[in-house]
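The values are calculated or read from the model by the stated rules, or taken from the named source; none is laboratory data. Owing to the predicted nature of the structure, the values given are computational and were not obtained by experimental measurement. For neighbour counting, all protein chains shown are included, and Cβ atoms are generated from backbone atoms with ideal geometry for every residue, glycine included. Quick note on the areas: whole protein, heavy atoms, side chains included, nothing else; ligands and nucleic acids left out. Shrake-Rupley method; radii C 1.70, N 1.55, O 1.52, S 1.80 Å.
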Amino acid sequence: MKKQVLLMIETSRAHGRGMLEGIAQYIREKTHWKVFFEDRGVMEKIPGWLKTWHGDGIITRSPNSAFAAELHEKNLPVVELLGDGQRFPSEIGEDFILAGKMAADHFLERGFRNFAFFCPDNTVWSKHRRDAFQQRLAENDASCEVCRFPKKEMKDYRLNAILKQSDDFLENWLRSLPKPTGLLAAIDLHAAYILEACLNANIAVPEEIAILGCGNDRLHCSLFFPQLSSIDLNSRRIGYEAAQLLDKKMNGEPLPPLPVIIPPIGVVTRQSTDIIAVHDADVAQVLKNIRERFVEPVGVQQITAEIAMSRRTLERRFQKCIGRTIENELIRVRLEHAKYLLRETNFQITAIGPHVGIVDPQYFMRFFHRETGMTPSQYRRQNQIGVPTNE
């Protein structure tokens, strides 16, 4: 008999929809459930029909303790994907530390030395994202301005913006930031608010404020100009793992250590952070050359050939600005693009090397293993769900 599973996950945002896609993928591959769910917003209350619903298990993103407690009163196996961080913590969740590292490194790699964080609420997950971002910056002797904008004021701000009434709180905060600044928003919707405020305040994006969101919501990221960069939190993988965990709970199987932490896929770079905030023109030119030529089988000598300066002096200045050698930066850019191709395409692994400037397939295999500790095939299996391969 098919098990009946209730999904209390929002469909109003891409993060929740991605989780539902991952759950659907698990159901197609591993099991057959009768699924109950309806379109929901993040903060919607529990529907009245829950009291009479009977099933075998629940996967939920509970926005608060009361919501989670009512679901647990059903005395069914429950997998929590959000929770209150205390009585009902998330059992499958994102790697906040790694996401914060990725965000900070994304800005640091572009030469930023001023940073900010924006979130108009005080949720557990927004605090985690803020703390992880600040922690990584502190490791690099950098600090971060934080704007806490209460939800009520945020609603008033949005209404005033729509009605074209004056409300300068957010614009004034953005004007007060040193320029250029790399700004992380807690979610992509908040990044869109910041972009709108920058445009209203005549602040150039990304030249004066570069904006990075979280969630890689393609609607929010691509609807505006400039398009918004964002951290892909691997929501499909979170949903897939949640379905697998619920299956184990319903079948009485041994459970893995909880919580299960899912690493983000990485930063998806779009126009809102596509800039090099380096005041040294020669260093900026080397970075530009690397980004334009990493797909060619070139080395440091070809990358720096047009710079009228000794290699030793240029290396010293590059290291001072970027914190890495020129060779290490070339390796990093090639590696990140190789990871992208492994995750997002069904290219044969032997065909990926030439797309990152490495012609010999065997050398590409050794290069990838040396830099990541895993083979390209292992990386693809861990980070790609539901995309067929031709290996």
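Ignoring everything except DSSP H segments at least 4 long, calculate the 222 nm mean residue ellipticity for the chain; use -39,500 (n - 2.57) per segment, divide by total residues, nearest 500.
One gets -14000 deg cm²/dmol as the mean residue ellipticity at 222 nm.
Could you work out how far helix 311-322 tilts from the main Cα principal axis of the chain, as a 0 to 90 degree angle to the nearest 10?
For helix 311-322, the angle is close to 30 degrees.
Residue separation times 0.36 nm, minus the C-alpha to C-alpha distance between Glu38 and Thr269: what's the value?
Once the chain is fully extended between Glu38 and Thr269, it gains 79.9 nm.
Take the solvent-accessible surface of the protein heavy atoms, probe 1.4 Å, and return the percent of it on the chain that carbon and sulfur atoms account for.
50 percent
With a 1.4 Å probe and every protein chain left in place, work out the accessible area per residue of region 263-318 in Å², rounded to a whole number.
I get 53 Å² per residue for region 263-318.
Does a label point 7 Å from the Cα of Arg291, set along Cα-to-beta-carbon, have any residues of region 304-330 with amide nitrogen under 14 Å, and which are they?
Correct set: 330.
Using all Cα-Cα distances in region 24-139, what percent lands in each 10 angstrom bin from 0 up to the longest?
With a bin width of 10 Å, the distribution comes to 11, 33, 27, 19, 8, 1.
Between Thr313 and Lys74, what is the label-to-label distance in nm when each label sits 7 Å out along the Cα-to-Cβ direction?
For Thr313 paired with Lys74, the spin-label model returns 7.0 nm.
Take the Cα of Thr52, step 7 Å along the line toward its Cβ, and report every residue of region 60-95 whose backbone nitrogen sits under 19 Å from that point.
What the label zone holds, given the 19 Å backbone N cut-off, is 71, 74.
Collect residues whose amide H, placed 1.01 Å from N in the peptide plane, falls under 5 Å from the amide H of Thr181; neighbours closer than 5 in sequence don't count.
Distant-sequence amide H within range of Thr181: Ile209, Ala210.
Need the full-extension length gain, Thr350 to Lys127, defined as separation in residues times 0.36 nm minus the C-alpha distance. One decimal, nm.
76.1 nm
Which ³J(HN,Hα) values in Hz, rounded to whole numbers, follow from the phi angles of region 378-383 under the Karplus curve 6.51 cos²θ - 1.76 cosθ + 1.60, where θ = phi - 60° and Gly and Pro get x?
4, 4, 4, 4, 7, 10
So what are the ³J(HN,Hα) numbers for region 211-225, from phi and the Karplus equation (6.51, -1.76, 1.60; θ = phi - 60°), rounded to whole Hz, Gly and Pro as x?
Each residue of region 211-225 in turn: 10, 10, x, 10, x, 6, 6, 4, 5, 5, 7, 9, 6, 10, 10 Hz.
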